[in-house]
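Report on the following structure.
The values are calculated or read from the model by the stated rules, or taken from the named source; none is laboratory data. Quick caveat: nothing in here was measured; it's all calculated off a predicted structure. Backbone-built Cβ (ideal geometry, glycine too); neighbour counts: all protein chains shown. When the accessible area is computed, the model is the full protein with side chains, heavy atoms only, and any ligands, DNA or RNA have been set aside. Shrake-Rupley method; radii C 1.70, N 1.55, O 1.52, S 1.80 Å.
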Amino acid sequence: MTSPSPASPSDEPVYQDRVYRSPMAIVGGVLLLALLVWLCGDAIVRGKGNAPWFGVAGALVAMPLTVAFTLRPAVFAGADRLRVRNPFRSIELPWGAVDSLRSGYSAEVLTEDAKYQLWAIPVSLRDRKKANRQIARREALTRRGETDPAVLGTENPRAQADQHIDELRELAEQGAKRETAQGPVSVRWAYEILAPAVAGAILLIVLLITR
């Protein structure tokens, strides 16, 4: 009977990917889709003449674009790579190919020769200003030697987008040298979004020309 081989020191636990999405975008997308289903569905079912065809064309154009900009954007961060799902493209970046991540007016990941926006991590200048005001208040209290448990008893506040970028930077630093986190960046166009939108646009143009 052979005993099980000891675990290699290089073995690391495998964690589920972190997923970043915008809850407000998802809620807005669901509401917009419900409105589109109602409007286009009514035109298709009850419309006369070319109205049903306009309903079909409108649905083909508007619904994929609504999904693209609200429900589709997501960022998946794993131990070896970052997968970015933007409205019209999906980008897979091994951590070894990531040079830096930043959040200015938008959240971005940079490689040696390209820059990709992270649509799923919207930057709120309002949240950032609020966090900066809290930090300034804390520093003012510290200089005056005053204490306020509500302010001094918490960690330095950060805007949500900045927190997410900090987490991604930490993952990038941990995985940059890992053998399984090396390789080229791959980009794939979202044809499942583009194809119906283009078909709907062509149908709409034909209907407008022939009406």
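A few notes on this one:
- Neighbours by Cβ (under 9 Å, 6+ apart or cross-chain): first from region 42-58, at positive phi; second surrounded by fewer than 16 Cβ atoms within 10 Å (Cβ to Cβ): 49/211
- Reported count of residues in region 167-196, each being touching a Leu at 6+ places or on another chain (Cβ under 6 Å), assigned to a helix (DSSP H, G or I) and either closer than 30 Å to residue 58 by Cα or hydrophobic (A, V, I, L, M, F, W, C) (or both), is 2.
- Any chance residue 174 is closer than 26 Å to residue 123 by Cβ and in contact with a helix residue (DSSP H, G or I) (Cβ under 7 Å, 6 or more places away or on another chain): no
- Restricting attention to region 29-63, the residues that are of a type in the set (Gly, Ala, Ser) and under 18 Å from residue 199 (Cβ atoms) add up to 6.
- Residue match in region 64-76 (condition: basic (Lys, Arg), crowded, with 19+ Cβ neighbours inside 10 Å and within 19 Å of residue 197 (Cβ to Cβ)): yes
- Selected residue (criterion: least open to solvent (accessible area, probe 1.4 Å)) from residues of region 90-136 that are aromatic (Phe, Trp, Tyr) and either assigned to a helix (DSSP H, G or I) or touching a helix residue (DSSP H, G or I) at 6+ places or on another chain (Cβ under 9 Å) (or both): 95
- The residues of region 12-28 that are exposed (fewer than 11 other Cβ atoms within 10 Å of the Cβ) and either touching a strand residue (DSSP E or B) at 6+ places or on another chain (Cβ under 7 Å) or at pLDDT below 85 (or both), listed by number, are 13, 14, 15, 16.
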